[in-house]
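Enquirer: Can you keep this structure in mind? I'll have questions shortly.
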Amino acid sequence: MEEGSPGMASSTYRCWVEVSTGQIVANYTAIQALAGPGVDVMPVVKADAYRHGAAVVSLALEAAGARWLAVSNVEEGVGLRLAGVECPVMVMGGFFPCEREALATHRLTPLVHSMAQLRDYDRFAGERGAALPVHLDVDSGMGRLGTSESAEAVAEGIRGLRHARLDGLSTHLASSGDYTSTQTEEQIAKFAAVREALRAAGVEPKWLHLSSTVPVTHARREAWGNLVRPGLAVYGYPGLCQGEAPACEVAVKPALKWKTRVLEVKDLPVGHRVGYNALFCAQRPTRMAVIALGYADGLPHALSNRGRVIVAGEWAPVIGAVSMDLTAIDITGCPPVAPGGEVTVLGSEGGLRQDAEDLARAAGTISYAILCGIGRRVKHVYI
Ligand SMILES: *Cc1c(COP(=O)(O)O)cnc(C)c1O
């Protein structure tokens, strides 16, 4: 299945990603098996499913049994409905009053981030004459969105609801991969205290959720509640940890390969300079290939003169500045390659492999930013 330019086969693409929906489903299934029957897995498909393609990925996950999906904003949620997604969809990243109508029309479940917003949504539900579902986000230490009001005030606010229906209580962990920090335990304890106070006040939301990728893959069960929100792990990355982390308990594999092609091959004499600001100057006779991607396609500019790609099963270092549409690489050590030949940016080829964590390390960024940064003009091929 392809989602490229009409009339163009992938064999003619300059730059594309190959996404295995089968691998994404296998990752989801493995995560759900680890979570067990008492915990639902809600795959996070925000940011175009970390650029794997939200519509195709969401439909595959729903067909594989996912009972929930999560996005960041209302527009993303509407997109899933228009693509035919039927399961509950949570909008996690906040919304504006002008977006309430679309939330209700498209049966999206918002995460509400303050008691004022909860009251306001309740009034809106009243005007609409509908028992609209919401989940409430508690700031247990992320210090960003989420209510910081006392448990008593939260309980009172929930008891005051007339129309909206509080189906869930959530929080977001700030340092879940950092096992040198005690912040996660503190946040879990704070969330438990709010939940206890609500119970004492007779309020027991059906769904409780705290965990993104790392507390799921590294089985921090006390942070699971009965719903977990992994994103990165669904795409095959178990998350990075610092300190004495327990072992990862689930085998997930990357589902996306990123490829481009050689546009031209040149033999450079010593002293030949390459690209903007002449960041590279050949110190020895160098065979160079110019490849058909640049920072407009999502290859970080920070990889200028650093980082590498795979050509004919060998590493080819980036030379000179990564430019908007083109990048130069040193293929002196690679088997012969002709214009049109494939280049692997992410994926494995021969015995070599580069994933988004590797590329992120070289660029001084994080795997999330590499994946989400894959540009709009990069074609998607589903395999
Ligand atoms: C993005 C996000 C997630 C998923 O995070 P991963 O680290 O990719 O698993 C979970 N919860 C919230 C609130 C998020 O914004």
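The values are calculated or read from the model by the stated rules, or taken from the named source; none is laboratory data. This structure is a prediction, so every number in the text was calculated from the model and none was measured. Glycine gets a Cβ as well: all are built from the backbone with ideal geometry, and neighbour counts include every protein chain shown. To get the accessible areas, we keep the full protein, side chains included, count just its heavy atoms, and leave off ligands, DNA and RNA. Shrake-Rupley method; radii C 1.70, N 1.55, O 1.52, S 1.80 Å.
Enquirer: Per the Kirkwood definition applied to all pairs of different Cα atoms, how many angstroms is the hydrodynamic radius of the chain? Don't skip to the end; give the middle numbers.
Expert: On the way: mean 1/r = 0.0442 Å⁻¹.
When all Cα pairs of the chain are included, the Kirkwood radius is 22.6 Å.
Enquirer: May I pose another question? Using only DSSP helix segments of four residues or longer, with each worth -39500 (n - 2.57), what per-residue ellipticity at 222 nm results for the chain after dividing by its residue count and rounding to 500?
Expert: Value at 222 nm, helices only, nearest 500: -8000 deg cm²/dmol.
Enquirer: Quick one: length gained pulling residue 197 to residue 362 fully straight, 0.36 nm per residue minus the C-alpha distance?
Expert: Value of the extension gain: 54.7 nm.
Enquirer: Find out how many positive minus negative residues lie around residue 86, taking Lys and Arg as positive, Asp and Glu as negative, among other residues whose Cβ is under 12 Å from that of residue 86.
Expert: Counting the neighbours of residue 86, the net charge comes to +2.
Enquirer: Pop out the carbon and sulfur fraction of the accessible area of the chain as a percent, whole number, probe 1.4 Å.
Expert: 53
Enquirer: Could I ask something else about it? Which trypsin sites (Lys or Arg not before Pro) from the range 172-270 combine a DSSP loop assignment with at most 16 other Cβ atoms within 10 Å?
Expert: Answer by residue number: 206.
Enquirer: Hey, with R₀ at 45 Å, roughly what FRET efficiency would residue 152 and residue 180 work out to, going by the Cβ-Cβ distance, to 0.05?
Expert: Working: r = 34 Å, r/R0 = 0.76.
Using R0 = 45 Å, I get an efficiency of 0.85.
Enquirer: Between residue 11 and residue 306, what is 0.36 nm times their sequence separation minus the Cα-Cα distance? Round to one decimal in nm.
Expert: Between residue 11 and residue 306, full extension yields an extra 103.4 nm.
Enquirer: Just grab the label-to-label distance for residue 127 and residue 87, each label 7 Å out from Cα along the Cβ direction, in nm (one decimal).
Expert: Spacing of the two 7 Å Cα→Cβ label points: 3.3 nm.
Enquirer: I'd like the orientation of helix 21-35 relative to the chain: the angle between its Cα long axis and the longest Cα principal axis, in ° from 0 to 90, rounded to 10.
Expert: With both axes taken from Cα atoms, the answer is about 40 degrees.
Enquirer: Something else about it: The range 99-173: which GluC sites (Glu not before Pro) are DSSP loop and have at most 12 other beta-carbon atoms within 10 angstrom? Kindly include the intermediate steps, with their values, before the conclusion.
Expert: Numbers: sites: 99, 101, 127, 149, 152, 156; in loops: 149.
Sites meeting the loop and neighbour criteria: none at all.
Enquirer: I need the Debye-formula profile for the range 184-239: one equal scatterer per C-alpha, no solvent, reported as log10 I(q)/I(0) at q = 0.22, 0.26 1/Å, two decimals.
Expert: The Debye formula, applied to the Cα set alone, gives -0.83, -1.01.
Enquirer: Out of all Cα-Cα pairs in the range 8-71, roughly what percent, to the nearest whole number, are more than 12 Å apart?
Expert: 70
Enquirer: Using only the Cα atoms of the range 254-383, what are the Rg and Dmax in Å?
Expert: 13.8, 44
Enquirer: Just the number please: accessible area per residue for the chain, 1.4 Å probe, all protein chains included, in Å².
Expert: Each residue of the chain exposes 43 Å² on average to a 1.4 Å probe.
Enquirer: Using the Kirkwood radius built from alpha carbon pairs, what does the Stokes-Einstein equation give as D for the range 102-214 at 37 °C and 0.692 mPa s, in µm² per second?
Expert: Answer, rounded: 226 µm²/s.
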